[in-house]
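Some notes on the structure that comes next.
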2 protein chains.
Amino acid sequence: MEKIVIMKFGGSSVGDVSKIKNVADKILAKKKAGYKIVVVVSAPGDTTDDLLKMAYDITKNPDDREMDVLLSTGEQISISLLSISIKVKGIDAISLTGSQVGILTTDSHTKAKIKEISSEKILLELAHNKIVIVAGFQGVTEDKTITTLGRGGSDLSAVALAAVLEAECEIYTDVEGIYTTDPRIVEKATKIDYISYDEILEMASLGAGVMHARAVEVGKKYGVVIHVRSTFTETEGTYIVEEDSAMEDVVVRGVVFDKNQVKISVLHIPDEPGVAASLFESLAKSEVNVDMIIQSTAENNKNNISFTIDKSDLAKAMIVVKVLEENGTKILYDDEVAKISIVGVGMKSHAAVASTMFKALADNEVNIHMISTSEIKVSCVIDFVKLEVAATAVHKVFGLDS
Amino acid sequence: MEKIVIMKFGGSSVGDVSKIKNVADKILAKKKAGYKIVVVVSAPGDTTDDLLKMAYDITKNPDDREMDVLLSTGEQISISLLSISIKVKGIDAISLTGSQVGILTTDSHTKAKIKEISSEKILLELAHNKIVIVAGFQGVTEDKTITTLGRGGSDLSAVALAAVLEAECEIYTDVEGIYTTDPRIVEKATKIDYISYDEILEMASLGAGVMHARAVEVGKKYGVVIHVRSTFTETEGTYIVEEDSAMEDVVVRGVVFDKNQVKISVLHIPDEPGVAASLFESLAKSEVNVDMIIQSTAENNKNNISFTIDKSDLAKAMIVVKVLEENGTKILYDDEVAKISIVGVGMKSHAAVASTMFKALADNEVNIHMISTSEIKVSCVIDFVKLEVAATAVHKVFGLDS
């Protein structure tokens, strides 16, 4: 029997008629290569933005259920146009909405979770030798209300379908795969051939604009091999797979940075039990995500606490910490910082990874403000202006240069 | 119990955000007046044209099933935006696609027929005191394939829903109702208060741009009172109802014209049985709709046949009739003609209606090329240049002037 493959195309791949035709050609080539094909597509190019604008022109706070009805039209446009483009070439195809497939979700509108996917309709159409074209990003509740899956939803649809159909999953994008670091900052960035689920999840959480974490988590849970590759070339991309012992030969898989960090320092805070706890409790209540924290002892039973947050949370955080000023503490913030991280499952079995990184930074006169480590990553907060120097040095010292 | 009313809004009424808000206000006013409301909407303004353009940019002959998937997104956009506009005013509303309502149709894509409408979901939501907003023009087959109902489909959805819910049906348009004739041609045209199903069906078939015949036929079959009225004023419009004896007091309800007629004349055709029959059989095979026909005897066992068709069929018709030229016949066509008709159920009980019309035309030096009558109409083909004079005279002679 022919193998099933999921081919997922994002909005930029179906942004206009000529792009849709190009995608159709890619699908037909794959079909000729002997696969049964299930395509997952996002809404074309700017469609989602256009729809959002219409809704927000009515109100700043549109109803979530109705937003899902509205936004789900985008993928419905893609699936029909793509199906038309394929059928015109004489190959049979059928478009299916999330509801028609039977992608059952929770009723958390605009961020629904997939509960169950029925494979019946898809398998039936595949058996009739049709290319099945599924609307990504969308599902339906048990009472047939339309839902959407939130950011990265189409990737999630594709990986979840691959899990249910025990298929390979190809994610087509406008880059050739996942890189050892951002090629716009480090010229010698190279494409990664294989990367583990855990590494990519860590990279995503550290600020790399790679695949959305939810899709990778589903891939990890069900052992779906995810092949991230280019829509515009035939080159092999990056395979996201379960880690094996061979993967640990590579100490560092990638260098990631986050340019949206702010460091807040609270100086001369009383050294009493519970003071730090109540600070971070207040921040949590205000929905400020705190990333890294360091505490150092100052004089006279006073402490200094520094922590980093995302720039978008700065205003909320300052309201919380300003309250402490009344107790004689001093509040500073520094938004000229960045976080650089190295990620790799190989760290587990290699010693001195962190110190190699620190030495490379020191050799290039990069000061480290804060450090945080886990089993497969080391992160340092540094001055923003040093980011390029730091990234280039760290990328080189771990042998990642092309 | 509150009465249910269907309010149907066409694409021009929901063409942009400010228009959608205006429609929302209209609906809320009706709700305050104490009705349970089911709204039917078309796709916003140019959406359908934009979607068609995308499909036809791919191929001149797009797949019908997929066209229905594509086009049905237009109404889905309208229902969600309208629902958002209503909910933001603090009144509960819910949008439903044709599929979600359960508008079951045949599988004739792009021109499906409604087989059955489930009232269950709508009645449930009405019982929860919600305004129910239904996507017009669309339905679904038993296996959940999306279908559309063809031209005038949203009117049809509205009237069919009114039939199932035993509700009043209001069709909102950009004019104040149905007029005795086209106000752009005859200044003294007046709004009709009541008109019978048969009269409006006759007017539609004679070329008046009023409601689509399919919707009226369903209204007639199930006795749905259809109120055609303006989106932009509060004035009462025109009620389409079952005729009663009082309606027969009005001899002529309206004067209708068709400017898209062409007269074709086939001269000196052999006067043999079957010649005319074979001509019209050939035309039918070429899908040319023939409207009026006259035959006159010429000399030497030859006949002249003239008939009228729609301008858009001229090329097809000429191919058919040109074949006859070989037998010594002569073919002429005249596209400088128009058809003027009077319609009214009162004609059944009033004599001399046709002769009154002919006299009015003669008094104004309008030559009549062809005549055709039925129980409730008289049609004359005249010179196109005489149309305005003719229409004004006929409108006046039957007492329709304002």
Residues located in segment B:23-44, provided they are more than 12 Å from chain A (Cβ to nearest Cβ) and either polar (S, T, N, Q) or assigned to a loop (DSSP other than H, G, I, E, B) (or both): B:ALA33, B:GLY34, B:SER42
Filter pass, B:GLY254 being small (Gly, Ala, Ser), modelled with pLDDT of 90 or more, out of contact with any Phe, Trp or Tyr (no Cβ under 8 Å at 6 or more places or on another chain) and closer than 30 Å to B:ASP174 by Cα: no
Verdict on A:LEU82 being surrounded by fewer than 23 Cβ atoms within 10 Å (Cβ to Cβ), at pLDDT 95 or above, in a helix (DSSP H, G or I) and among the aliphatic types (A, V, I, L, M): no
Scan of segment A:1-22 for residues that are hydrophobic (A, V, I, L, M, F, W, C) and assigned to a helix (DSSP H, G or I), ordered by number: A:VAL14, A:VAL17, A:ILE20
Failed item, numbered, when B:ALA215 is tested on (1) hydrophobic (A, V, I, L, M, F, W, C); (2) in a strand (DSSP E or B); (3) closer than 27 Å to B:LYS19 by Cβ: (2)
Selected residue (criterion: nearest to the other protein chains (Cβ to nearest Cβ)) from residues of segment B:127-162 that are among the charged types (D, E, K, R) and touching a residue at least 60 places away in the same chain (Cβ under 8 Å): B:ARG151
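Looking only at segment B:242-262, filter to residues that are in a strand (DSSP E or B) and more than 14 Å from B:GLY177 (Cα to Cα); which one of those is farthest from the chain's Cα centre (by Cα)?
The qualifying residue farthest from the chain's Cα centre (by Cα) is B:VAL262.
Residue-by-condition table, conditions (1) crowded, with 20+ Cβ neighbours inside 10 Å; (2) under 17 Å from A:VAL256 (Cα atoms):
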{"position": "A:GLY177", "(1), (2)": "yes, yes"}
{"position": "A:THR181", "(1), (2)": "yes, yes"}
{"position": "A:LEU201", "(1), (2)": "yes, yes"}
{"position": "A:LEU206", "(1), (2)": "yes, yes"}
{"position": "A:GLY219", "(1), (2)": "yes, no"}
{"position": "A:VAL224", "(1), (2)": "yes, no"}
{"position": "A:PHE232", "(1), (2)": "no, no"}
{"position": "A:ALA246", "(1), (2)": "no, no"}
Segment A:65-79: number of residues that are more than 7 Å from chain B (Cβ to nearest Cβ), touching a strand residue (DSSP E or B) at 6+ places or on another chain (Cβ under 7 Å) and more than 19 Å from B:ASP68 (Cβ to Cβ): 2
All positions within segment A:101-123 that are surrounded by 24 or more Cβ atoms within 10 Å (Cβ to Cβ) and not β-branched (Val, Ile, Thr): A:ALA112
Residue match in segment A:217-227 (condition: at pLDDT 95 or above and basic (Lys, Arg)): yes
Hits in segment A:170-188 - residues which are in contact with an Asp or Glu (Cβ under 8 Å, 6 or more places away or on another chain) and either assigned to a helix (DSSP H, G or I) or of a type in the set (D, E, K, R) (or both): A:LYS188
Test for B:LEU361: is it closer than 18 Å to B:VAL262 by Cβ, crowded, with 19+ Cβ neighbours inside 10 Å and over 25 Å from the mean Cα position of the chain (by Cα): no
Where a residue in segment A:80-95 is without any contact (Cβ under 8 Å) to a residue 60 or more places away in the chain and at the interface with another protein chain (Cβ under 8 Å from one of its Cβ atoms) and its partner, wherever it lies, is acidic (Asp, Glu) and not in a loop (DSSP other than H, G, I, E, B), with Cβ under 8 Å and at least six apart: A:SER80/B:GLU66; A:SER83/B:GLU66; A:ILE84/B:GLU66; A:LYS87/B:GLU66; A:ILE94/A:GLU125; A:SER95/B:GLU66
Per-region count, segment A:96-107, residues in a helix (DSSP H, G or I) and either of a type in the set (Phe, Trp, Tyr) or more than 8 Å from every other protein chain (Cβ to nearest Cβ) (or both): 2
Wholly enclosed helices (runs of 4 or more DSSP H) of segment B:288-402 bearing at least 1 residues within 15 Å of B:SER265 (Cβ to Cβ): B:314-322
Yes/no for A:LYS322 being among the basic types (Lys, Arg) and in contact with an Asp or Glu (Cβ under 8 Å, 6 or more places away or on another chain): no
Of the criteria (1) within 12 Å of chain A (Cβ to nearest Cβ); (2) touching a Ser or Thr at 6+ places or on another chain (Cβ under 6 Å), which one B:TYR56 fails: (2)
Residue in segment B:108-119 that is over 14 Å from B:THR145 (Cβ atoms), part of a strand (DSSP E or B), of a type in the set (Asp, Glu) and in contact (Cβ under 8 Å) with a residue 12 or more places away in the chain present: yes
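The values are calculated or read from the model by the stated rules, or taken from the named source; none is laboratory data. Just so we're clear, the structure is a prediction, and the values are computed from it rather than from any experiment. Methodologically, a virtual Cβ is constructed for each residue, glycine included, from the backbone with ideal geometry; neighbour enumeration extends over all protein chains shown.
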